[in-house]
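The values are calculated or read from the model by the stated rules, or taken from the named source; none is laboratory data. None of the values given here were measured: they were computed from a predicted structure. No Cβ is skipped: glycine too gets one built from the backbone with ideal geometry, and neighbour counts run over all protein chains shown.
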Amino acid sequence: MKKRTKWIVSFVFLLVGFMVAVQFQTTSEEPEKRETRDQWEVREELLNQQEERQELLVKISEADKVLADYKEESSKKKVDTLKQSIHELEEKIGLSESEGSGVEITIKPIFQESEKGQTYPAVSPELLSKLINELNMFGAQEIAIGNERLTNLSPIRDVNGFTYVNNRPLPPLPVKIHVLSKNPKKLLDYIEASQSKDFFAIENLGIEANSNPSLVLPKYEDPLKLEYLQENKKKETGE
């Protein structure tokens, strides 16, 4: 009995030892499996974050490109607007050619057949200035006398007995004056009834006016005197 008991006890201990060994092995393997699973999860999460980061970078790049295109387009529009403003100002003050409909005026001498030894008439600065002032009152937009474009700074004066416009002598008669107008017909009617015709006739000078749908006025060639403009501005503002 004792020997059999020993075998039974030995078997029980052996079984218990085997179960303890198996339990220990299971316990030691579980952290390794869990750790392996956690690493894969971390790697997967990192990959997802990298993909999201890449997508964000692409979106940021696209947004930067759109912003750059917008700035470039906006700058181009500003430049175009500035160029258009400069062009309009140049047209307004006569620094560029102007074309349009208007009236063509011809000043030419009047000779009486009964009179002999008549002197060749000339257009005085006073007569020419009076005509220009009336044209401005009648709605003239732009005026050119011969090849000289008139501006607010254009002088009409006498130099040694000759009439000068823009510091250049008036061309010989007949002299043509081109006038741009929004309403050429109305301007033509004003010219026909103008007192200047009578004043010119006293000096043996005739004025003929005709409407013209396609006039081209030359640009003002002389340099602008900014000092003169600044002085006038100071006088107007009282500085």
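Quick notes on this one:
- Here the stretch 185-208 is the region considered, the condition is being part of a helix (DSSP H, G or I) and of a type in the set (Val, Ile, Thr), and the residue that is farthest from Leu150 (Cα to Cα) is Ile202.
- Residues that are over 16 Å from Pro218 (Cα atoms) and either among the aliphatic types (A, V, I, L, M) or not assigned by TED's automatic domain parsing to the domain that holds Lys186 (or both) were ranked within the stretch 141-170; the one that is surrounded by the most Cβ atoms within 10 Å (Cβ to Cβ) is Ile156.
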